[in-house]
Amino acid sequence: MKMNKWIIYLVIIILFGCMNQSKHHIDNHAKKDNSQKEKSPSLLSEENILIIAHRGASGYAPEHTIYSYAEGEKMHSDYIEIDLQMTKDGKLIALHDSDVSRTTNSEGEVKDLLYEEIRILDAGSWFNEENPDLAQSVFKNATIPTLEEIFEHFGTNSNYYIETKRPEEYPEMVNQLVETLNKYDLLGEDVPRGKVIIQSFSEDSLRELHELDPSIPLIQLISFNHHARLSQKQIDKIRSYAVGIGPNYQSLSEPFVHNIRDAGLLLHPYTVNKKEDMERLINWGVTGMFTNYPDRLKEVIEETTYLKKEE
Ligand code: G3P
Ligand code: CA
């Protein structure tokens with residue numbers, strides 16, 4: 001009988017031990033999840049100053065090529081910026097201009113060229129000629145990438161800030177963009193918010209996107225002639241479909257930046273390449289910038305954060 005009692009005690013002790021072990025495991029798991037969340041707050045948090053590699057790190061490598069995007073990633077940019085055009089046969093490609101003449105060894109409007117004709121163009125030699133001090137022999141092999149090639153190369157670890165260029169000329173662009181994002185697992189409930197941002201000067205294009213998928217964060221690009229100004233009515237209208245604005249930085253003033261931020265909109269000016277401009281805009285309260293020099297912006301962010309901590 002005594003022996004039986006001891007066996008029961010032993011079983012109880014072992015059971016308690018197992019339960020504790022399992023609780024500890026659950027606690028640790030929960031802690032790990034929390035710490036992961038803490039380490040990766042939403043990219044769109046208003047506290048973040050986003051480094052957007054404009055056409056890639058295009059100050060160092062030919063714009064809109066795998067080389068400039070890779071350089072931007074190496075410099076710890078938050079986003080690869082992509083300008084979208086569409087070929088005659090309906091392929092989405094990354095190119096700023098609507099024709100190929102400035103950045104390739106050929107000429108012609110993208111909308112009049114087949115992808116087969118665009119695929120073989122040299123999209124890097126112009127950069128070597130214009131920037132002998134930054135020239136690299138591999139740039140001669142640079143091609144105009146398709147959107148799919150970019151996603152295949154950089155995958156779901158990178159973040160993309162995509163502009164629909166001339167969407168009125170390419171009625172299929174928005175649909176095809178959303179399809180491609182879905183195909184590469186860049187949209188959906190499991191994808192962190194802000195993994196992809198879509199920007200456009202075209203309100204219609206943004207509204208079309210908003211209707212297709214209201215969860216995609218949108219940025220209304222604006223080119224102000226002189227001083228940036230938006231009425232409360234205009235701000236409210238933008239707020240109904242977009243999370244922020246992307247204005248030309250030269251037009252900005254401190255009160256305008258405060259006004260936009262007070263309205264709860266993000267503010268990503270383009271294209272800021274000088275450190276003194278970056279510093280001023282950060283002090284005014286912008287939430288990110290497009291730059292051809294992501295390394296400079298990273299340095300300025302680190303310097304200003306350090307100075308703020310010291311105060
Ligand atoms: O997309 C922001 C900025 O890139 C707009 O200017 O002409 O360089 O596309 P652009
Ligand atoms: Ca752009």
For I222, distant residues with modelled amide H under 5 Å away
G246, N248
Among DSSP beta bridges whose residues both lie in the chain, state the antiparallel percentage, nearest 5.
15 percent
Highest GNM mean-square fluctuation, the chain, Cα pairs closer than 10 Å: which of S77, S106, S68?
S106
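How much length is gained if the chain between D190 and D262 is pulled fully straight, taking 0.36 nm per residue apart and subtracting their Cα-Cα distance, in nm to one decimal? Walk me through the intermediate numbers first.
Values: separation 72, 0.36 × 72 = 25.92 nm, distance 3.01 nm.
Extra length available between D190 and D262 comes to 22.9 nm.
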Considering only L297, L266, L181, give the residue with the highest GNM mean-square fluctuation for the chain, with springs between Cα atoms whenever their separation is below 10 Å.
L181
For the chain, build the charge dipole from Cβ charges (+1 Lys, Arg; -1 Asp, Glu) around the Cα centre, then report which of L187, Y249, T271 sits farthest towards its positive end.
L187
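Tell me the volume per residue, in Å³, of the convex hull enclosing the alpha carbons of region 68-203. Please report the intermediate quantities before stating the final value.
On the way: hull volume 15.9 nm³, N = 136.
It comes to 117 Å³ per residue, whole-number rounded.
What's the carbon and sulfur percent of the chain's accessible surface, probe 1.4 angstrom, rounded to a whole number? Walk me through the intermediate numbers first.
Details: 8660 of 16960 Å².
Whole-percent figure for carbon plus sulfur exposure: 51.
From the convex hull of the Cα coordinates of region 49-310, what is the mean projected area in square nanometres?
Details: hull surface 57.2 nm².
Its Cα hull, projected and averaged over all orientations, spans 14.3 nm².
Over 20 Å between Cα atoms: which of K91/K111; K111/K140; K195/K275; K74/K298 fall into that group? Don't skip to the answer; put the middle values down first.
Values: K91/K111 10 Å; K111/K140 24 Å; K195/K275 27 Å; K74/K298 12 Å.
In this structure, K111/K140; K195/K275 lie more than 20 Å apart at Cα.
Using only alpha-carbon positions, what ratio does the radius of gyration of region 170-311 give when scaled by 2.2 N^0.38 Å? Could the numbers behind the result be given before it?
Numbers: Rg = 16.4 Å, N = 142, 2.2 N^0.38 = 14.5 Å.
Cα Rg divided by the expected 2.2 N^0.38 Å: 1.13.
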Residues meeting the amide H criterion for D83 (H placed from the backbone, H to H distance under 5 Å, 5 or more places apart or on another chain) are L95, E163
Given springs between every Cα pair under 10 Å in a Gaussian network model of the chain, which of I120, I222, I282 has the largest fluctuation?
I120
To the nearest 20 debye, the chain has a Cα-centred charge dipole, built from +1 on Lys and Arg Cβ and -1 on Asp and Glu Cβ, of 1760 debye
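The values are calculated or read from the model by the stated rules, or taken from the named source; none is laboratory data. Computed from a predicted structure; not experimentally measured. Virtual Cβ from ideal backbone geometry, glycine too; neighbours counted across all protein chains shown. Areas reflect the complete protein model, heavy atoms only, side chains present, ligands, DNA and RNA absent. Shrake-Rupley method; radii C 1.70, N 1.55, O 1.52, S 1.80 Å.
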